[in-house]
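These notes are about the structure you will find just below.
The values are calculated or read from the model by the stated rules, or taken from the named source; none is laboratory data. These numbers were taken from a predicted model, which means no experiment stands behind them. All Cβ positions, even for glycine, are placed from backbone atoms using ideal geometry, and neighbour counts span all protein chains on display.
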Amino acid sequence: MDRAEQLGRERIPVLLLRFSIPAIVGMLVQALYNVVDRIFVGHGVGAHGIAGLTVVFPIMLVIMAFSMLIGLGATALISIKLGEGNRQEAEQIVATAVVMMVLISAAMSILGLTFLDPLLRLLGASDTVLPYAREYLSVIFFGTVFQTVSFGMNHFIRAEGNPRRAMSTMLIGAILNTILDPIFIFGFGWGVRGAAVATVISQVVSCIWVLSYFLGGKSVVRFRLAGLRVRLPVLWKIVSIGFAPCAMQLAASLLNLILTRSLLHYGGDLAISGMGIVFSINTIFMMPLFGINQGVQPIVGFNYGAKQHDRVKEALRLGIFGATGVVTVGWILTRLFPIQLISLFGSGDAELLAMAASAMRIGLVFLPVVGFQVVGTSYFQAVGKPKNAAFLSLSRQLLLLIPALLIIPRFFGLVGVYVSLPVADVGSTLLTAVLLVKEMRELGPRKSEPVFAEQT
């Protein structure tokens, strides 16, 4: 039984553990890219350095958005095609996706470097923070192609049923970044630029590792350099499915832009630094959730394609339960140890500590509901229903959070900025619940027999 067949035959709890645990480990390690950068920058440069990294974060989200557009869109299609037993079409999807990831990421790098300072001003960089943001982002743009290819193709590895290899890709890059950060920041005295150089080198190594898997003949889905070309019908399908996570990230980028400018207006550079710390801590708690989500997606996509509806429902149910559990643990830690968590990023500024603690206490108050919302939204992406996925992905940022950020702070100032976050969390969760319950009722009759016949 090959790796693809396991998705249709193995017990769902076993599959979910097999796929999710490596993904959780990988995502936690992946989070170290930005979190470790901010920790070392916080200790080596200070609050303004953290503010600089926070200001450029919307750009990082834009890069990630287009990585998701192609990478996750292709991944969902690959899972479905493997479930249908159509390996040739899966290979065509991979080839089209790789070409588009290179072209899009290269275009973003060129545009970003050309309009760097105006872009940073738009993002809310003050005269004090601008030099730090420029140092970091000017280097990061040189690694965009490598980041996009390694991120996208790593999802292809997971789609074909090899989560351990996918995990190793993330481990290699993030561990290398953690080693290089203190060397470049403290040893060479490069400050913020050193953090960026460490990140780019790590992305290059991760990209080489992913390509070696596909080009070395180890993959289920074959990848050949000679077959690289864009197939427009395939590209359209990739974009239609990948639009939801892409739109979510673009909306998140717009959201972070509005949030940063709101923080600057109501609290100054220090408020930006404080929220940057809170986001870093929240990222650590969210990564296990995303790991579970990534573990659920290929199981749901494969069995949906094979019309194994009972297995689809079971995978979704267990995924929601696990995701809710892990973010609840994170929420408890923010309630019990806020100062200790914040102090990881530097404890020399009492005003920064107090501001970050307030942001964490208010902004993450409804964190436990986020697990259901994320997994519920990704279900529609995994089964090839991009409209529902796009609506739910955009609901939190565009329909709820951005209006909240534009209205509530007018009455409550900086506290209103913090309050906007849980308001959006609750609202988007309720919308997800309505659509998901309706979908489960319409999913159709169950089919309990596996798609592959038992082998003797």
| query | What are the residues in segment 150-194 that are buried (at least 18 other Cβ atoms within 10 Å of the Cβ) and not in a helix (DSSP H, G or I), if any? | reply | GLU160, GLY161, ASN162, TRP190, GLY191
| said: For the structure I just gave you, tell me whether ARG222 is farther than 15 Å from ASN162 by Cβ and basic (Lys, Arg). | reply: no
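With a cut-off of at least 1 residues that are basic (Lys, Arg) and surrounded by fewer than 24 Cβ atoms within 10 Å (Cβ to Cβ), name the helices (runs of 4 or more DSSP H) lying wholly within segment 263-344.
In segment 263-344, the matching helices (runs of 4 or more DSSP H) lie at 309-336.
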| In segment 215-257, how many residues are farther than 15 Å from ALA90 by Cβ, touching a Phe, Trp or Tyr at 6+ places or on another chain (Cβ under 8 Å) and either among the hydrophobic types (A, V, I, L, M, F, W, C) or not in a helix (DSSP H, G or I) (or both)? | 3
| note | Of the residues in segment 397-415 that are surrounded by 15 or more Cβ atoms within 10 Å (Cβ to Cβ) and free of Cβ contacts under 8 Å to residues at least 40 places away in the same chain, the one that is farthest from ARG311 (Cα to Cα) is ILE408
| query | under 20 Å from LEU53 (Cα atoms), surrounded by 19 or more Cβ atoms within 10 Å (Cβ to Cβ), at pLDDT 85 or above and of a type in the set (A, V, I, L, M), is that true of VAL197? | reply | yes
| request: State yes or no: is ALA90 in contact with a Leu (Cβ under 7 Å, 6 or more places away or on another chain) and modelled with pLDDT under 85? | output: yes
| query | Quick check: anything in segment 66-78 under 30 Å from LEU235 (Cα atoms), of a type in the set (Ser, Thr, Tyr) and in contact with a His (Cβ under 6 Å, 6 or more places away or on another chain)? | reply | yes
| message | I want to confirm something. Restricting to segment 349-368 and keeping residues that are surrounded by fewer than 20 Cβ atoms within 10 Å (Cβ to Cβ) and aliphatic (A, V, I, L, M), which single residue is farthest from the chain's Cα centre (by Cα)? | response | ALA350
| note | The condition of being closer than 30 Å to ALA76 by Cα and not charged (D, E, K, R) holds, among VAL365, VAL369, only for VAL369
| note | Checked segment 418-452 for anything surrounded by 15 or more Cβ atoms within 10 Å (Cβ to Cβ), modelled with pLDDT of 90 or more and more than 23 Å from the chain's Cα centre (by Cα); matches are VAL419
| Regarding LEU232, is this residue farther than 23 Å from PRO58 by Cα and either at pLDDT below 85 or charged (D, E, K, R) (or both)? | yes
| task | Mind counting the residues in segment 120-139 that are surrounded by 24 or more Cβ atoms within 10 Å (Cβ to Cβ) and closer than 18 Å to SER202 by Cα? | result | 2
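Going by the structure shown, is ILE110 in a helix (DSSP H, G or I) and crowded, with 16+ Cβ neighbours inside 10 Å? Working first, answer last.
Values: in a helix (DSSP H, G or I): yes; crowded, with 16+ Cβ neighbours inside 10 Å: no.
So ILE110 does not fit the description; no.
Would you say ILE208 is free of Cβ contacts under 8 Å to residues at least 40 places away in the same chain and assigned to a helix (DSSP H, G or I)?
Details: free of Cβ contacts under 8 Å to residues at least 40 places away in the same chain: yes; assigned to a helix (DSSP H, G or I): yes.
For ILE208, the condition - free of Cβ contacts under 8 Å to residues at least 40 places away in the same chain and assigned to a helix (DSSP H, G or I) - is met.
Taking GLY112, is it on the phi > 0 side of the Ramachandran plot and not β-branched (Val, Ile, Thr)? Talk me through it step by step, then tell me what you get.
Values: on the phi > 0 side of the Ramachandran plot: no; not β-branched (Val, Ile, Thr): yes.
No, not satisfied.
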